[in-house]
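A short worksheet on the structure shown next.
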Amino acid sequence: MGIYVNPGNVLFETARFSDIYVDKSMLIARTNALYKKERRFICVSRPRRFGKSMAANMLAAYYSRGCDSAEVFAGLKIEKEASFKKYLNQCNVIRMDIQRFLDTEKDLDVYLDEIEKNVVLELLKEFPECTAIDSSSKLKTALDQIFVQTGKGFIFIVDEWDCVFRIVRKRKEAQKEYLDFLRGLFKGADYVELAYMTGILPIKKYGEHSAVNIFDEYSMISPKNLGEYFGFTEEEVCVQCEQQDMEYAEVKKWYDGYLIGNLHIYNPKSVVDALTWKELESYWTGTETYEALKVYIDLNFDGLKEAIAIMLGNGRCAIDSTTFQNDMTTFQTKDDVLTLLVHLGYLTYDRKTSEVFIPNQEIEQEFMRAMKVGGWDGMIQPQLHRGSSNKKVVIAIDSFKGSMSSMEAGNAAKAGILRACDAEIIVKPLADGGEGTTEALVEGMGGEYVSVEVMGPLGTKTKARYGILGDRRTAVMEMAEAAGIILLKPEELNPLRATTYGVGEMILDAIKRGCREFIIGIGGSATSEGGVGMLQALGYEFRDKAGNPIREGLKDLDRIASISGENVPEALNECHFSIACDVTNPLCGENGAVYVYGPQKGVKEEEKPIFDGKMVHYADKTQEYRGVDYRMAEGAGAAGGLGFAFLSYIPNVELKSGIDIVLEAIGLEQAVRDADIVITGEGRMDFQTAMGKVPVGVARLAKKYGAKVLAFAGGVTRDAGECNEAGIDAFFPIVRGVTTLKEAMTPENARENMILSVEQVFRAMI
């Protein structure tokens, strides 16, 4: 082991076994997925003390040859991943901490020569058989020769990559020389198996020098799918507070507030110090004084000081982050300075609204000091202490079908509250896992829709739509988009031919786009073929005695003689599937897929035993091949047996209640932990609502943490009083005055009615 080449696991081991440790090892699953792939160049930028160096140490400990890190990773989440053992201590690693070399008094060419010399000397020790290189060789030359002679590549881990732009910030030519060094090292290099760079700033924008843009950037502005691995999530802080006997609500007030995509992230340095010393104060900002912040405020582009004053009054400022040059000296506008403050950790960025704001009390104190020392404290007094209810309100309302989506209803409720008072308000999308789930989650979690041409239920091409959420790794699908009964006319129903093949094509498309988490609703199918079509699309082969592939649909299930999974993509093992399933039927028998659900899909009464026999044969062959038998499992019969296919053939699958999956996906439990009021609702509230529909699911969760629950509905029946027993403290119809159903359901009227009703309720409460 060396300092730079295959550095081992000592640094990570120290952190791993510290008194307070939060498991971020699933970052490794993300890097494993990119190993030797086109998008293997990663640049993560986060503020000081957000866990960047620890992550770099963890990656070095995992990949480095010459050490045994099995015990260090024992018990961590990554240990359960299929790729864990494949790469554990199997790779050559070059780890460079750029700040370690940097001396402001040296010319940069001397500094770069020192980096190259130190790394090359260790390479000579590691690869003595490569006689074509010596201590005078340039680093790139040495790496090329090693690759040619041995075929061995390298994983590069570069920490503090941007320190040149922070420490020698005014030496532009030196910065360009440094970028040329990085470009020469990485661009077009066959020896690069994976490159991971981390620092505070994103990659510098420098015209032709931006060739370093081979790196995908994961920043405070655009975290993509790595948001949860740097900093602590709300759930992680909650757990640590419980373990360390600290009041979570107070810790949240001091250190919460960083929006990283859709996640609330805490600065680890501040949280760990607060939990260690049992005192709430400024820990992170103590490592860099308010005077540094004052320098940037002093620039005062376009009324920068006024913008800071607004934010100190709990306000927000819209910015354009695209003009920022990713250094600490090139500023043209207020937006450039505010964008830099996001990257430095003094502000946070809301991607949905393109706004910045002060994240928490710790940071607010530093701004107050900077403004006061600068003599601008008079500007902020009118902004401070605006009228506020000091209440936290969480809104999670189901869609009002035909009039408002879940988010439209939630945002209307929010508007009503803000007419009555100031409050901290969080709006969450809501659905039950069935129709409308994709729309709710995409709309509410910063996602986007993807349209893909797939095989429809009877083999003809159809357009299927699914969603990719804002984390860029979670896909939300409804199988009915590809294999739904709504795609067929009644006279077209054909259980012998109807296939789920298009569902598999949707999944493959999402995998190719980088998704590894799946939420799939499996209601409304036109199929009764046990999910074989989906499995065929994913690469499984089902053959008859003659070795011919069986046809899609139910017809040939009893002809299956052999099954093979040789062509199933390896990436499927990296995925996790949450299947929204609210039925408990097994695959086979009188309560199974064919007998119970077959008739609505075209199965005749006399065909039931014949078709169920085909299912039994399919289950028998599956048991022979997979060594498991899920035919009688609850939910196996869902969607014509699609549940069985997921359970039997797909790794990392959970069949769960649709509402439970949605509540988990939106992080509702984390949001309501310290909520004062939770608002829910749906289009119509009656006795069925009390029997377990979406609003009651929300209410039960809210009551777990002692929040008051209010519900708003388009209509309320006389028997809705049972909802009070189910956890809803009070419910209110939103329809105002005498109106027709058509008028009430007009989107504009529904929204206005919601706003007005919520406003009046909150005027009475606060």
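The ellipsoid that matches the Cα gyration tensor of segment 672-748 has semi-axes, each √(5λ) in whole angstrom, of 24, 14, 9, with the longest given first. Dividing the convex hull volume of the alpha-carbon atoms in segment 652-694 by its residue count gives 100 Å³ per residue. When the Cα positions of Asn6, Ala546, Ser18 are compared along the charge dipole of the chain, Ala546 comes out farthest toward the positive end, with charges on each C-beta of Lys, Arg, Asp and Glu.
Here segment 173-274 yields Rg over Rh of 1.13, to two decimals, using C-alpha coordinates and the Kirkwood radius.
Taking a point 7 Å out from the Cα of Ala82 in the direction of its Cβ, the residues of segment 491-514 whose backbone N falls within less than 17 Å of it are 504-505, 507-514. Note on segment 464-534: along the principal axes its Cα atoms extend 41, 20, 14 Å, ordered by decreasing extent. Amide H contacts for Asp216 (H built 1.01 Å from N in the peptide plane; partners 5 or more residues away or on another chain; cut-off under 5 Å): Phe41, Ile42, Cys43. Here the Debye sum runs over all C-alpha atoms of segment 1-160 as equal scatterers in vacuum, and log10 of I(q)/I(0) at q = 0.12, 0.19 Å⁻¹ comes out as -0.57, -1.29. For Lys512 and Lys187, the FRET efficiency from 1/(1 + (r/R0)^6), where r spans their Cβ atoms and R0 equals 22 Å, is about 0.30. Between Arg39 and Glu424, the FRET efficiency estimated from the beta carbon spacing at R0 = 45 angstrom works out to 0.75.
Quotient of the Cα radius of gyration of segment 224-268 and 2.2 N^0.38 Å, N being its number of residues: 1.12. Extending 7 Å from the Cα toward the beta-carbon at both Phe17 and Leu756 defines two label points whose distance is 6.8 nm. Helical content alone sets the calculated 222 nm signal of the chain at -11000 deg cm²/dmol, taking -39,500 (n - 2.57) per DSSP H segment of four or more residues and averaging over every residue.
Computed over neighbours whose Cβ is under 13 Å from that of Phe232, the net charge equals -2, Lys and Arg +1, Asp and Glu -1.
To the nearest whole percent, what portion of all C-alpha pairs in segment 437-660 is separated by more than 25 angstrom?
On the way: 8221 of 24976 pairs.
So the pairs more than 25 Å apart make up 33 percent of the total in segment 437-660.
Here the translational diffusion coefficient of segment 633-706 follows from Stokes-Einstein with Rh set to the Kirkwood radius across Cα pairs; for 25 °C and 0.890 mPa s it amounts to 170 µm²/s.
If you build the Cα gyration tensor of segment 232-380 and take the root of 5 times each eigenvalue, what three semi-axes come out, in whole angstrom, biggest first?
27, 17, 13
With a cut-off of 8 Å between alpha carbons and a minimum separation of six or more residues, what is the relative contact order of the chain in percent?
It comes to 10 percent, rounded to a whole number.
For Glu235 and Ala74, a Förster radius of 25 Å and the Cβ-Cβ distance give a FRET efficiency of 0.65, rounded to the nearest 0.05. Please tell me which of these pairs span more than 29 angstrom C-alpha to C-alpha: Lys172/Lys334; Lys334/Lys372; Lys80/Lys545; Lys428/Lys703; Lys172/Lys294; Lys80/Lys187? Over 29 Å Cα-Cα: Lys80/Lys545; Lys80/Lys187.
If both residues of a DSSP beta bridge must be in the chain, then about 35% of such bridges are antiparallel.
So what's the projected area for segment 385-538, the Cα convex hull averaged over all directions, in nm²? It would help to have the intermediate numbers written out before the result.
Working: hull surface 43.2 nm².
Its average projected convex-hull area is 10.8 nm².
Tell me the net charge near Glu281. Cut-off is 9 Å between Cβ atoms, Glu281 excluded, with +1 for each Lys or Arg and -1 for each Asp or Glu. Spell out each step's value before the answer.
On the way: positive: none; negative: Asp273, Glu279, Glu362.
Value of the local net charge: -3.
Over segment 129-231, the alpha carbon radius of gyration divided by the compact-protein estimate 2.2 N^0.38 Å works out to 1.22.
Each peptide in 112-125, 645-658 gets a packing score, the mean of other Cβ atoms within 10 Å over its residues, and the list from highest to lowest is 645-658, 112-125. Annotation: peptides 346-352, 488-494, 65-71, ranked by per-residue average of other Cβ atoms within 10 Å with the highest first, follow the order 346-352, 65-71, 488-494. Taking trypsin sites (Lys or Arg not before Pro) across segment 485-544, the ones in a DSSP loop with at most 16 further Cβ atoms lying within 10 angstrom of their Cβ are Arg513.
Sort 471-479, 521-529, 189-197 by the packing proxy (mean of other Cβ within 10 Å over each peptide's residues), most packed first.
Values: 471-479: 25.3, 521-529: 27.7, 189-197: 20.8.
Ranked from most to least packed, the peptides come out as 521-529, 471-479, 189-197.
Orientation-averaged projection of segment 1-76 equals 5.7 nm² [convex hull of Cα atoms, one quarter of hull surface area]. So what does log10 I(q)/I(0) come out to for the chain at q = 0.05, 0.08 Å⁻¹, using the Debye formula with one equal point on every Cα and no solvent? Values returned for q = 0.05, 0.08 Å⁻¹ are -0.31, -0.78.
Here, each number is a calculation from the coordinates, and none is a lab measurement. These numbers were taken from a predicted model, which means no experiment stands behind them. Backbone-built Cβ (ideal geometry, glycine too); neighbour counts: all protein chains shown.
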